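Read through the structure below, which is laid out as structure tokens, and then see the notes.
Please treat every number below as a calculation from the coordinates, not as lab data. Since the model is a prediction, treat every value here as computed from it, not as a measurement. Note: ideal-geometry Cβ built from the backbone for every residue, glycine included; neighbour counts use all protein chains shown.
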Amino acid sequence: MTEHSLWRFSRALHRAINERQLADIEPLLDDEVEWAIYGPIDLFSFFGSRRGKAAVLEVIRQIGENLRVHRFDRESIMLGADSAASMLRYSLTALDSNKPISLRIAHFAQFRAGKLTSFRVLVDSFDLVEQTVGYPIHLPRIAV
């Protein structure tokens, strides 16, 4: 049995972020890859939708300039022949403030011929915003 595309992509992504090794991830991206990180774009400019290998490589570069991954734990994972979905918990550091960030995400990936064609990430953004601004956010009673 061959290794699932998710494992190669995951290793290369973390090297690209922490070690700025974009050359490792570039061959794993489809030329027309669709990429989206859903979260507070006003706080993190690298969130949002991108299309194409060059745009995705730029996003990964921006993430590496802003965050360092210390640890991640897979809470759950589902693998298909050419797809994968995971719930993950990350321990990060914001490089500009040296502030630790604990983050939960869900991601959905699709592959074709070993290359990433689609990547969607849902961020637990409420918790992320509270950690980023450094204080709890109090919502109106109706939102609770």
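Structure values in brief
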read-out: Amide H within-cut-off set for GLY39, under 5 Å, with H built and near neighbours excluded; value: GLY48
read-out: Extension gain, ARG74 back to GLN131 (0.36 nm per residue minus Cα-Cα distance, nm); value: 18.4 nm
read-out: Ranking of THR93, THR117 by count of other Cβ atoms within 10 Å, fewest first; value: THR93, THR117
read-out: Karplus 3J(HN,Hα) series, Hz, for segment 92-108 with 6.51 cos²θ - 1.76 cosθ + 1.60 (x for Gly, Pro); value: 10, 10, 6, 5, 6, 10, 6, 8, x, 9, 10, 9, 10, 9, 10, 10, 10
read-out: Antiparallel bridge percentage (DSSP; both residues within the chain; nearest 5); value: 85 percent
read-out: log₁₀ of I(q)/I(0) at q = 0.10 Å⁻¹ - segment 27-136, Debye sum with one point per alpha carbon; value: -0.30
read-out: Order of ILE137, ILE25 under a 10 Å beta carbon neighbour criterion, fewest first; value: ILE137, ILE25
read-out: Residue-by-residue Karplus 3J(HN,Hα) for segment 115-125, coefficients 6.51, -1.76, 1.60, Hz, glycine and proline x; value: 10, 6, 10, 8, 9, 10, 10, 9, 9, 6, 6
read-out: Rg/Rg_ref, segment 34-79, where Rg_ref = 2.2 N^0.38 Å and atoms are Cα; value: 1.31
read-out: Relative contact order of the chain, defined on C-alpha pairs under 8 angstrom at six or more residues apart (%); value: 22 percent
read-out: Stretch gain in nm, segment ARG104-ARG120, where the contour uses 0.36 nm per residue and the Cα spacing is subtracted; value: 4.4 nm
read-out: Paired Rg and Dmax values of segment 4-91, which use every Cα atom, in angstrom; value: 12.9, 36
read-out: Degrees, to the nearest 10: 5-19 long Cα axis against longest axis of the chain; value: 60 degrees
